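What follows is one structure encoded as structure tokens, with my remarks underneath.
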Amino acid sequence: MAAGAGGAGAGAPERPYELVVFGASGFTGQFVVEEVARAAASGELRGALRWAVAGRSRQKLQAVLERAAEKLGKAAVGPEVGVLLCDVDDAASLAAMARQTRLVLNCVGPYRFFGEPVVEACVENGASHIDISGEPQFLEGMYLKYNEKAAEKGVYVIGSCGFDSIPADMGVLYTRDKLKGTLTAVESFLKVKSGPEGACIHDGTWKSAVYGLADQDNLKKLRKKMGCAPVPVVGAKLKRRGLVFYSREFKEYSIPFMGSDASVVKRSQRYVHTELQETPVQYGAYVNVGGLGSVMKLMFAGILFLLLVKFSFGRKLLTKYPEFFSAGHFTKKGPTQKQMDGTSFTITFFGEGYSEGQDPQSGKPNVKICTEVKGPEPGYIATPIAMVQAAVSLLEDATCLPKQGGVYSPGAAFCKTKLIDRLNKRVPSTAA
């Protein structure tokens, strides 16, 4: 592997930190800091973790570290935790941060506006980079611009390492590994359950969705520019479902999942096919929305959203009043601790394929499999867990990563590592 994870070659001086959380005082960043502090204290890594937090305000960063210590029931997270001051608008400060660490956990979104300077600083200065973006245009754009340079430098740029899209991407690989035979197609169904307090999401995710949908045409152009050969269809072709359909398995209505899961899984399956010469899996992602009343409300909100998102004044309205336009699902304050504690998710995977000895190129699929990935509240509990366990895998399972650095999806980067085991250990009964 070129220079190992983080580009610190054999002769290179050791960097002061193994991991830096950038954007540590942001809404999601604070939960990532808590999760890193927990991982460092639990002895999950072979030695003591040398880590730091980074952002614009020393005061806010110190407050986040104090809060993390309080959550762990400690007086302090430890004197070894560094505090680095840097700003996404200051390239020199980003470069200085990247030079001091093997890995940056980037929590500053929307990534379409703030992501690239951090990726560039990491690649140029030999640090690996993990983000929690659910924005296909950013993820695929970074592949186009930095894949070759990252390979040259021996660093790993791994996107969508949060709820978008580790559960789906690793879930498809888990399902494949559990089937006795050849898996050729999978459909996943997401169900989010909330407690009496309800559930909501911070408006940073809402902004990403607003600008992502407004820019669909550019995503198509970007994909044309990438010029990737289509992933071959092996086995019976997976039929795409309608915009709304009744799911007999769950006895409720489902719609296509609008997140990045489908595009991320496709990138991983392309890698599995082209680089590992394994059978690619077709994939469809859906979300269960409930009864007819929920469908009607969702359709009304969806039509209004799609109309407004096309115009700049509409986008201003959507981003200014997220609570109103999302019927309370997105707020500027984000969820309360009680809301987070009462929320959980289940993704059910229905797979089909061909038994051992059966040729997938001929005849109908003759084996089926059903698996589940379960976890806590997706945005601010599951996402930090997924991101930090991905970081632990990158640092600890370095010999199992792709032989060459580059820009990867989680499934491509971690398919040979212990990431699934680590997630299962951290959240018992994650995969079943």
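Values in this text are rule-based calculations from the coordinates and carry no lab data. Quantities reported herein were computed from a predicted structural model and do not represent experimental measurements. Positions of Cβ are generated from backbone atoms using ideal geometry, with glycine treated the same way; all protein chains shown enter the neighbour counts.
Would you tally the net charge around residue 354, using a Cβ to Cβ cut-off of less than 12 Å, leaving residue 354 out, and scoring K and R as +1, D and E as -1? Could you put the intermediate results ahead of the total?
Numbers: positive: 180, 364, 368; negative: 352, 356, 359.
Cβ neighbours under 12 Å give a net charge of 0.
Using 0.36 nm per residue of separation minus the Cα-Cα distance, give me the extension gain between residue 243 and residue 294 in nm, one decimal. Could the numbers behind the result be given before it?
Numbers: separation 51, 0.36 × 51 = 18.36 nm, distance 1.41 nm.
Once the chain is fully extended between residue 243 and residue 294, it gains 16.9 nm.
Using the Karplus equation 6.51 cos²θ - 1.76 cosθ + 1.60 (θ = phi - 60°), what ³J(HN,Hα) coupling, rounded to whole Hz, does each residue of the stretch 103-112 give in order, writing x for Gly and Pro?
The phi angles translate into 8, 10, 9, 9, 10, 9, x, x, 5, 4 Hz.
So for the stretch 334-405, Kirkwood radius off the Cα pairs, Stokes-Einstein at 25 °C and 0.890 mPa s: how many µm² s⁻¹?
Working: Rh = 16.0 Å.
For these conditions, the coefficient is 153 µm²/s.
Build a GNM of the chain with springs between Cα atoms under 10 Å: which of 157, 123, 233 gets the top mean-square fluctuation?
233
So what is the relative contact order for the chain, in percent, with contacts set as C-alpha pairs under 8 Å and at least six apart?
Working: 851 pairs, mean separation 95.5, N = 432.
Over the chain, the number comes to 22 percent.
With charges only on Cβ, +1 for K and R and -1 for D and E, what is the dipole size of the stretch 157-211 about its Cα centre, in debye, rounded to 20?
Working: 6 positive and 6 negative charges, 48 e Å.
Using only the charged Cβ atoms, the result is roughly 220 debye.
Kirkwood hydrodynamic radius, computed over distinct alpha-carbon pairs, for the stretch 305-426: how many Å, to one decimal? Can you show the working numbers first?
Numbers: mean 1/r = 0.0534 Å⁻¹.
The Cα-based Kirkwood calculation yields 18.7 Å.
To one decimal place, what Kirkwood hydrodynamic radius in Å is obtained for the stretch 215-366 from all pairs of distinct Cα atoms? Walk me through the intermediate numbers first.
Details: mean 1/r = 0.0523 Å⁻¹.
Taking the inverse mean of 1/r over all distinct Cα pairs, the stretch 215-366 comes out at 19.1 Å.
Summing Lys, Arg as +1 and Asp, Glu as -1, what charge do residues with Cβ under 14 Å from the Cβ of residue 146 carry, residue 146 excluded? Don't skip to the answer; put the middle values down first.
Numbers: positive: 145, 149, 153; negative: 116, 120, 124, 131, 140, 148, 152.
Computed value for this residue: -4.
What net charge is computed for the residues neighbouring residue 14, neighbours being all others with C-beta under 13 Å from the C-beta of residue 14, Lys and Arg scored +1, Asp and Glu -1? It would help to have the intermediate numbers written out before the result.
Values: positive: 15, 50, 99, 102; negative: 18.
Neighbour charge sum, excluding residue 14 itself: +3.
From Cα pairs below 8 angstrom and at least 6 apart in sequence, can you work out the relative contact order of the stretch 129-238, rounded to a whole percent?
Working: 55 pairs, mean separation 38.8, N = 110.
It rounds to 35 percent for the stretch 129-238.
With a bin width of 20 angstrom, please list the P(r) values of the chain as percents of all Cα-Cα pairs, from the 0 bin to the one holding the largest distance.
Using 20 Å bins, I get a P(r) of 26, 60, 15, 0 for the chain.
Quick query: amide H of residue 129 versus all other amide H atoms, modeled in the peptide plane; which residues come in under 5 Å with a sequence gap of 5 or more or a different chain?
Residues meeting the amide H criterion: 104, 156, 157, 158.
Read phi for every residue in the stretch 122-132 and hand back ³J(HN,Hα) as whole Hz from Karplus 6.51 cos²θ - 1.76 cosθ + 1.60, θ = phi - 60°, with x for Gly and Pro.
In residue order, the calculated couplings are 5, 5, 5, 10, x, 10, 7, 9, 10, 10, 10 Hz.
Residue-wise, which Karplus ³J(HN,Hα) couplings in Hz belong to the stretch 92-98, taking 6.51 cos²θ - 1.76 cosθ + 1.60, θ = phi - 60°, and x for glycine or proline?
These are the phi-based 3J(HN,Hα) values: 5, 5, 5, 5, 4, 4, 4 Hz.
Along its three principal axes, how long is the stretch 99-143 when you only count alpha carbons? Whole Å, largest extent first please.
Here the Cα extents, ordered largest to smallest, are 28, 18, 13 Å.
Expressed in nm², what is the orientationally averaged projection area of the convex hull enclosing the Cα positions of the stretch 123-213?
Numbers: hull surface 36.8 nm².
In nm², the orientation-averaged hull projection of the stretch 123-213 is 9.2.
Quick one: which residues, 5+ away or cross-chain, put their amide H under 5 Å from the amide H of residue 372? H built at 1.01 Å from N.
Correct list: 349, 432.
Go through 47-59, 359-371, 129-141 and give me the packing order, highest mean Cβ count within 10 Å leading.
Those peptides, ordered most packed to least, come out 129-141, 47-59, 359-371.
For the stretch 13-66, what's the radius of gyration and Dmax over Cα atoms, in angstrom?
Using the Cα atoms of the stretch 13-66, the pair Rg, Dmax is 11.4, 34 Å.
Using a Förster radius of 30 Å, what is the FRET efficiency between residue 399 and residue 90 based on their Cβ-Cβ separation? Nearest 0.05, please.
Details: r = 36 Å, r/R0 = 1.19.
Using R0 = 30 Å, I get an efficiency of 0.25.
Give me, ordered by chain and number, the residues 5 or more places off residue 86 or on other chains with an amide H under 5 Å from its own placed amide H.
Correct list: 55, 56.
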